[in-house]
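Q: If you scroll down you'll find the structure; I have some questions about it.
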Amino acid sequence: WHVPVDITLLRRTLQQVMQDCVGFRRSQESLGEAEDFLKKNGEVLGVEYLNPQGYELQNMIMLASLMVRAAGMREESRGCHFRVDFPGMAEFWRRHIVFRWTEDGLSWELRPVGSLTGSGYRWEEEV
């Protein structure tokens with residue numbers, strides 16, 4: 001059972017929410033608004049679409065969720081992404097946030113800059 005979704009409308013709204021709340025200028029409040037929107041529309045991930053527009057929308061919602069999560073974790077401003085509530089850079093955050101989605105849910109780890117390439121790259125299993 002699911003409520004029919006206007007894919008085009010939801011896609012446009014998602015793009016606007018991401019631009020307004022997760023764009024260059026962001027805060028914990030705006031990231032929370034984006035997270036609320038994504039949770040409210042998360043049912044789309046459980047729908048079995050038979051067209052590329054549906055798959056695309058699901059991918060957009062998954063990627064948006066990861067972006068909002070990472071932006072919320074990163075309590076600093078870096079590059080062109082400005083956190084109103086954390087205007088300075090923090091050396092601690094000079095690293096990558098790597099996410100992995102498994103059947104158990106979402107997990108993440110922090111990696112040093114430059115560690116995401118090369119033959120030695122692998123996910124470090126939890127002990």
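Q: If I filter the range 17-35 for residues that are surrounded by fewer than 16 Cβ atoms within 10 Å (Cβ to Cβ), among the acidic types (Asp, Glu) and either touching a residue at least 60 places away in the same chain (Cβ under 8 Å) or closer than 21 Å to residue 99 by Cα (or both), do I get at least one hit?
A: Within the range 17-35, none of the residues are surrounded by fewer than 16 Cβ atoms within 10 Å (Cβ to Cβ), among the acidic types (Asp, Glu) and either touching a residue at least 60 places away in the same chain (Cβ under 8 Å) or closer than 21 Å to residue 99 by Cα (or both).
Q: Do any residues in the range 43-60 that are exposed (fewer than 11 other Cβ atoms within 10 Å of the Cβ) have Cβ atoms under 9 Å from those of residues that are not in a helix (DSSP H, G or I), where the two are at least six apart or on different chains, and which pairs are they?
A: What qualifies is 46/2.
Q: Please go through the range 72-112 and give me each residue that is among the hydroxyl-bearing types (Ser, Thr, Tyr) and closer than 22 Å to residue 19 by Cα, ordered by number.
A: Within the range 72-112, 77 is the sole residue that qualifies.
Q: Can you tell me which residue within the range 61-98, out of those that are aromatic (Phe, Trp, Tyr) and surrounded by 15 or more Cβ atoms within 10 Å (Cβ to Cβ), is farthest from residue 35 (Cα to Cα)?
A: Of all residues in the range 61-98, those aromatic (Phe, Trp, Tyr) come to 82, 86, 92-93.
With the extra rule that they be surrounded by 15 or more Cβ atoms within 10 Å (Cβ to Cβ), the set shrinks to 82, 86, 93.
On the way: 82: 18, 86: 19, 93: 21 Å.
Looking at residues that are aromatic (Phe, Trp, Tyr) and surrounded by 15 or more Cβ atoms within 10 Å (Cβ to Cβ), I get 93.
Yes/no per residue for (1) modelled with pLDDT of 95 or more; (2) within 21 Å of residue 110 (Cβ to Cβ); (3) more than 16 Å from the chain's Cα centre (by Cα):
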site: 11; (1), (2), (3): yes, no, no
site: 19; (1), (2), (3): yes, no, no
site: 31; (1), (2), (3): yes, yes, no
site: 43; (1), (2), (3): no, no, yes
site: 46; (1), (2), (3): no, no, yes
site: 49; (1), (2), (3): no, no, yes
site: 77; (1), (2), (3): no, yes, yes
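The values are calculated or read from the model by the stated rules, or taken from the named source; none is laboratory data. The shown structure was predicted, so the numbers you read here are calculated from the model rather than taken from an experiment. When we count neighbours, we look across all protein chains shown, and the Cβ atoms used for this are built from the backbone with ideal geometry, even at glycine.
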